[in-house]
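Note sheet for the following structure.
The values are calculated or read from the model by the stated rules, or taken from the named source; none is laboratory data. All values reported here derive from a predicted model rather than from experimental measurement. Because the Cβ atoms are built from the backbone with ideal geometry, glycine has one as well, and the counts that use them run over all protein chains shown.
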Amino acid sequence: MHKRFFVITGGPGSGKTTLVAALAQRGLATMPEAGRAIIRDQSRIGGSGWHGQDRRLFAELMLGWEMRSWHEAQALEGPVVFDRGIPDVIGYLMLYEGRVPDHPLRAAELFRYNPTVFLAPPWSEIFGQDAERAQGAGEAVATAGAMERAYRAAGYEVLPLPLAPVAARADFVMERIGTGG
C-alpha cells in the first residue's frame with residue numbers, strides 16, 4: 001500500500017479532473033485520467049477500444065494505463081493524486097458488463113492506494129457533456145455509485161467531496177492528505 005497515493009473517483013462530470021488540475025497548480029504531483037486519453041487516442045487511430053464501441057477492450061486499456069500510472073508515481077516525491085485508480089475499472093466493468101474477470105480484481109489487490117479515497121459525488125450544477133463524455137446525468141449517478149461500491153469492496157474508505165467551489169474542494173483534499181490548505 002502506498003499511503004501517499006490518493007485517488008479521486010466519481011462519475012463523469014463531477015469535477016474530478018478540474019480538482020486534480022487545481023491540486024497540481026498547488027504543487028501536488030498528479031496522474032491523469034485514463035478514459036479521456038484512451039478515447040482521444042482510439043478516435044484518432046480508428047480503434048474500437050472506447051466506451052461507445054468495445055467496452056471490454058476499453059476496460060483493458062484503462063487497466064493497463066492505471067497500472068502504468070501507479071508504477072510511474074513511485075518515482076515522484078510526496079503525495080500523488082490520481083484522477084481515478086484501478087478499482088474504477090472494476091466499477092466500470094460491473095456497471096456495463098455485469099461481471100469482472102479475475103485479473104482486474106488481482107490488480108486491485110496488488111496495486112494499492114491510500115486507504116481513504118475521495119469521491120466526487122454527482123452534482124447537477126456542474127455536470128456537462130462533451131465530445132469525450134457522452135454519458136447522461138443518470139448514467140453519471142449510476143457510475144458514481146458503481147465506483148463507490150468498487151472501492152468499498154476493495155477495502156477502501158470512501159470520503160465524499162463537498163459540493164463546493166474548486167478552491168474549497170482543493171482545501172478539503174489538501175487538509176486531509178496533510179499538506180495544509
*Looking at (1) within 20 Å of Pro122 (Cα to Cα); (2) part of a helix (DSSP H, G or I); (3) aromatic (Phe, Trp, Tyr), can you tell me which one Trp65 breaks?*
(1)
*Taking the range 21-44 as the region of interest, how many residues are among the hydrophobic types (A, V, I, L, M, F, W, C), out of contact with any Lys or Arg (no Cβ under 8 Å at 6 or more places or on another chain) and either crowded, with 21+ Cβ neighbours inside 10 Å or assigned to a loop (DSSP other than H, G, I, E, B) (or both)?*
5
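Residue-wise test of (1) in contact with a helix residue (DSSP H, G or I) (Cβ under 6 Å, 6 or more places away or on another chain); (2) buried (at least 16 other Cβ atoms within 10 Å of the Cβ); (3) modelled with pLDDT under 95; (4) within 23 Å of Gly98 (Cα to Cα).
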{"site": "Asp130", "(1), (2), (3), (4)": "no, no, yes, no"}
{"site": "Arg133", "(1), (2), (3), (4)": "no, yes, yes, yes"}
{"site": "Gly138", "(1), (2), (3), (4)": "no, no, yes, yes"}
{"site": "Glu148", "(1), (2), (3), (4)": "no, yes, no, yes"}
{"site": "Ala154", "(1), (2), (3), (4)": "yes, yes, no, yes"}
{"site": "Pro160", "(1), (2), (3), (4)": "no, no, no, no"}
{"site": "Ala164", "(1), (2), (3), (4)": "no, no, yes, no"}
{"site": "Ala167", "(1), (2), (3), (4)": "no, no, no, no"}
{"site": "Met174", "(1), (2), (3), (4)": "no, yes, no, no"}
*Select from the range 20-44 the residues that are of a type in the set (S, T, N, Q) and at pLDDT below 95 and write down the one among them that is nearest to the chain's Cα centre (by Cα).*
Gln42
*Could you tell me whether the range 14-25 includes any residue that is of a type in the set (A, V, I, L, M, F, W, C), touching a strand residue (DSSP E or B) at 6+ places or on another chain (Cβ under 8 Å) and more than 22 Å from Thr143 (Cα to Cα)?*
yes
*asked:* The conditions are (1) farther than 22 Å from Arg149 by Cβ; (2) under 13 Å from the mean Cα position of the chain (by Cα), and Gly78 fails exactly one of them. Which is it?
replied: (2)
*Report whether or not Gly47 is over 15 Å from the mean Cα position of the chain (by Cα), at positive phi and assigned to a loop (DSSP other than H, G, I, E, B).*
no
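Which of the residues that make up the range 79-108 are assigned to a loop (DSSP other than H, G, I, E, B), farther than 13 Å from Met62 by Cβ and touching a Ser or Thr at 6+ places or on another chain (Cβ under 7 Å)? So that I can check it myself, show each step before the final result.
Filtering the range 79-108 down to residues assigned to a loop (DSSP other than H, G, I, E, B) leaves 79, 84-85, 98-101.
From what is left, the residues that are farther than 13 Å from Met62 by Cβ are 79, 98-99, 101.
Within the range 79-108, Pro79 is the sole residue that qualifies.
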